[in-house]
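All remarks here apply to the structure that follows.
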Amino acid sequence: MISLRQIKYFITVCQTMKINEAASQLNVSASAVSSAMKDLQERVGVPLLERHRRGVYPTPAGKRFLQHCNSIMASVSAAVKDLPKSKKSISGKLRLGVTTTIAGYFLSSPLSRFSRANKGINIEVFEFERQELEKKIVSGELDIALMLVSNLSDMEHIKHETLIRSTRRLWTQAGHRLSSKPNVTLAEVAREPYIQLMIDDAKTTTQTYWGYHNHKPNIQFSTNSVEAIRSMVATGRGVTILSDMLFRPWSLDAERIESTNISDKIPTMDIGLVWSADRKLSDQAKVFHEYCRSEVAMRKS
């Protein structure tokens with residue numbers, strides 16, 4: 001029988017058009033996604049995906065199958081929501097802190113699903129820089145935060161749990177000489193004009209891993225806007241290294257972007273929950289904590 005896991009993997013592969021990026025979003029290995037797709041196509045008896053130089057695309061049969069897959073996942077979601085809830089309903093206010101990256105590229109869908117499942121909890125969302133979020137968690141102004149946890153500083157007064165590790169890769173214009181290589185080195189990237197993201201400690205992180213490998217990026221432009229970076233990379237103004245969570249294969253101008261693995265060891269972008277080490281989590285925060293854990297577990301299943 002075809003499993004829901006295979007269907008979910010197939011939908012994600014069609015959305016990202018690359019096995020590695022689908023694996024990163026699903027928080028599983030690329031080999032697990034490839035194996036699931038091979039088994040799925042053997043079970044249905046027709047090719048659903050075809051490989052191109054720039055990725056994988058659904059075949060005509062795959063496109064028809066994708067429509068059914070989306071309907072199946074929507075039906076499963078509706079069935080779960082329709083079940084009576086036997087657990088005790090928690091109500092009240094939850095003060096949730098987020099960073100700019102989380103607010104723009106991660107928060108919307110999980111928060112919407114959480115609100116539908118926990119109608120009694122009124123969520124107030126506040127966006128701050130990492131340092132300010134840490135202060136407000138320690139002071140009790142926020143109940144819990146969803147943020148990047150790679151560069152936390154006040155480890156004495158806060159606790160954290162990593163939920164997702166998003167791989168960083170090289171972004172280039174379609175057809176760039178480095179995009180045809182299976183892996184590139186930081187030494188090769190250093191010879192290219194570099195576009196630097198500034199938000200959420202991105203500059204500090206960049207300097208740390210470049211310095212570790214004794215290289216330096218040739219920074220031509222720095223910005224707080226991921227979309228500006230996407231447009232500049234897509235039009236050949238430079239390259240950048242950013243995580244799969246932020247990756248989209250097209251710019252706002254409909255120009256193509258490609259991503260390539262980096263052979264040098266660089267850190268993942270880690271997303272997680274942060275709360276006070278000195279304060280007891282509120283019931284509302286506990287519900288949100290467990291919900292985020294279940295979301296990650298469902299991605300892996």
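Using the charge dipole of the chain (Lys, Arg: +1 at Cβ; Asp, Glu: -1 at Cβ; taken about the Cα centre), state which of 115, 272, 13 has its Cα farthest towards the positive end.
Farthest along the dipole direction, towards plus: 13.
Taking the square root of 5 times each eigenvalue of the Cα gyration tensor, what semi-axes in Å does the equivalent ellipsoid of the chain have, largest first?
Working through the eigenvalues yields semi-axes of 32, 30, 15 Å.
Taking amide H positions as placed in the peptide plane 1.01 Å from N, state which residues far from residue 49 in sequence (5 or more) or on other chains have amide H under 5 Å from it.
59
Among 165-171, 193-199, how do they line up from the highest to the lowest mean number of other beta-carbon atoms within 10 Å?
165-171, 193-199
Exactly which trypsin sites (Lys or Arg not before Pro) in segment 40-136 are in a DSSP loop and have at most 11 other Cβ atoms within 10 Å?
Passing both the DSSP loop test and the Cβ count: 53, 85, 87, 88, 119.
Going toward the positive end of the dipole of the chain, with +1 on Lys and Arg Cβ and -1 on Asp and Glu Cβ, which of 158, 77, 257 do you reach last?
77
Based on C-alpha coordinates, I'd like the Rg and Dmax of segment 4-82, in Å.
In order Rg, Dmax, the Cα atoms of segment 4-82 give 12.4, 44 Å.
Suppose only helical runs count, i.e. DSSP H with n ≥ 4. What mean residue ellipticity at 222 nm does that imply for the chain under -39500 (n - 2.57) per run, divided by all residues and rounded to the nearest 500 deg cm²/dmol?
The per-residue figure over the chain is -13000 deg cm²/dmol.
Could you tell me what percent of the DSSP beta bridges with both partners in the chain are antiparallel, to the nearest 5? Don't skip to the end; give the middle numbers.
Values: 25 of 43 bridges.
Just about 60 percent of them are antiparallel.
With charges only on Cβ, +1 for K and R and -1 for D and E, what is the dipole size of the chain about its Cα centre, in debye, rounded to 20?
Charge dipole, the chain, about its Cα centre: 960 debye, nearest 20.
When only DSSP loop residues count, what trypsin sites (Lys or Arg not before Pro) in segment 190-278 have their Cβ near at most 16 other Cβ atoms within 10 Å?
Passing sites in segment 190-278 are 191, 237, 265.
Please list, in order along segment 197-203, the HN-Hα scalar couplings obtained from phi with the Karplus expression 6.51 cos²θ - 1.76 cosθ + 1.60 (θ = phi - 60°), rounded to whole Hz, x for Gly and Pro.
Values, residue by residue: 7, 10, 6, 6, 6, 4, 5 Hz.
Using the Cβ atoms and a cut-off under 13 Å, what net charge is assigned to the surroundings of residue 257, where Lys and Arg are +1 and Asp and Glu are -1?
+1
Calculate how many DSSP beta bridges within segment 168-267 are antiparallel, expressed in % of all such bridges and rounded to the nearest 5.
Of all bridge pairs located within segment 168-267, approximately 55 percent are antiparallel.
With only Lys, Arg, Asp and Glu charged, each at its Cβ (+1 for the first two, -1 for the last two), find how big the charge dipole of segment 10-154 is about the Cα centre; round to the nearest 20 debye.
Using Cβ point charges on Lys, Arg, Asp and Glu, segment 10-154 gives about 600 debye.
Fewest Cβ neighbours within 10 Å first, please rank 7, 123 accordingly.
Going from sparsest to densest Cβ surroundings: 123, 7.
Quick one: among 158, 241, 229, which has the greatest mean-square fluctuation in a GNM of the chain with alpha-carbon springs under 10 angstrom?
Highest fluctuation among the options: 158.
Count charges around residue 224 for me, please; just the other residues with Cβ under 15 Å from its Cβ, Lys/Arg as +1, Asp/Glu as -1.
Values: positive: 130, 203, 230; negative: 127, 129, 200, 201, 227.
Net of charged neighbours comes to -2.
Within 10 Å of each candidate Cβ there may be at most 14 other Cβ atoms; applying that plus a DSSP loop requirement, which GluC sites (Glu not before Pro) in segment 101-192 survive? Mind dumping the intermediate values first?
Numbers: sites: 124, 127, 129, 132, 134, 141, 156, 161, 188; in loops: 129, 141, 156.
Within segment 101-192, the qualifying GluC sites (Glu not before Pro) (loop, at most 14 other Cβ atoms within 10 Å) are 129, 141, 156.
Please work out whether segment 238-296 counts as rounded, prolate or oblate from its C-alpha gyration tensor, where a ≥ b ≥ c are the square roots of the eigenvalues and a/c under 1.5 means rounded, while otherwise a/b larger than b/c means prolate and anything else oblate?
In terms of gyration-tensor shape, prolate.
Would you calculate the volume per residue, in Å³, of the smallest convex hull containing every Cα atom of segment 168-267?
In segment 168-267, the Cα hull volume divided by residue count equals 83 Å³.
With just the Cα atoms defining each centre, how far is segment 18-67 from segment 194-220? Give it in Å.
Result: 33 Å between the Cα centres.
Read-outs: derived from the displayed coordinates by stated rules, not from any lab. Fair warning: this is a prediction, and the values are worked out from it, not measured in the lab. Every residue, glycine as well, gets a Cβ built from its backbone with ideal geometry; the counts of neighbours run over all protein chains shown.
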